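Structure first, commentary second.
The values are calculated or read from the model by the stated rules, or taken from the named source; none is laboratory data. Everything quoted here is computed from the prediction, not taken from an experiment. For neighbour counting, all protein chains shown are included, and Cβ atoms are generated from backbone atoms with ideal geometry for every residue, glycine included. When the accessible area is computed, the model is the full protein with side chains, heavy atoms only, and any ligands, DNA or RNA have been set aside. Shrake-Rupley method; radii C 1.70, N 1.55, O 1.52, S 1.80 Å.
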Amino acid sequence: MRLTLLAFLTAFSALHAQTSDPWKKMDFLLGDWTGAAGEKDTPLGAGQGSFSFKPELKQKIIVRRNNAQYDSGAQHDDLMVIYLDAPNDTPRAIYFDTEGHVIRYGLTFPSPNRVVFESDGSQPGPKYRLTYWMEAGSLNGRFEVAAPAKEYQTYMSWTSKKR
């Protein structure tokens, strides 16, 4: 009886630890990354850059900082803050870039090591979707745009390696 109770408590404790960390699904993103996109993967031509996902404010938010340079001479910088929205700890993000874009995202996790950031639809104009997924040791990304009442079209895609 004691062994059964001990096994149950151990299993329950492990399960509770997994479900009580709302950031657990984002672990695969954390760290410093170097990315590259091919000539046909972006409208700006081939590009390379670096980005990071780091917990801040005592693990209350995750901040992504991104810098990309393109062979065309274009440069892009952005910042995204990922947070848990009360009362249900719903993951959300807000994005800012050097072109003046501000995008509010809701997050979903359709499978392990995959996250989809989708604009919340309350903003006028196009919708945006940013997807990250792990595949064969690489962190892949895709950014899509949908004009009002249209389907998403891939704007750019890239592959990244952890530094």
(Q) Can you compute the equivalent ellipsoid semi-axes for the chain, i.e. the square root of 5 times each eigenvalue of the Cα gyration tensor, sorted largest first and rounded to whole Å? (A) 34, 19, 15
Q) With all protein chains present, how much of the accessible area of segment 53-109 (probe radius 1.4 Å) comes from carbon and sulfur, to the nearest whole percent? A) 51
Q) With the other protein chains left in place, how much accessible area per residue, in square angstrom, belongs to segment 22-65 at a 1.4 angstrom probe? A) 54
Q. Roughly speaking, what is the stretch gain from K40 to T154, that is 0.36 nm per residue apart minus the C-alpha to C-alpha distance, in nm to one decimal?
A. 39.9 nm
Q) To the nearest 0.05, what FRET efficiency results for V102 and Q75 with a Förster distance of 22 Å applied to their C-beta separation? A) 0.70
**Q.** Computed lengthening from V63 to R163, 0.36 nm per intervening residue step minus Cα-Cα distance
**A.** 34.3 nm
Q) What span do the alpha-carbon atoms of segment 75-119 cover on each of the three principal axes, reported in whole Å from largest to smallest? A) 34, 24, 13
Q | For segment 102-158, radius of gyration divided by Kirkwood radius, i.e. Rg to Rh on alpha-carbons | A | 1.00
Q) Once both axes come from the Cα atoms, what is the angle between helix 2-20 and the longest principal axis of the chain, in degrees from 0 to 90, rounded to 10? A) 20
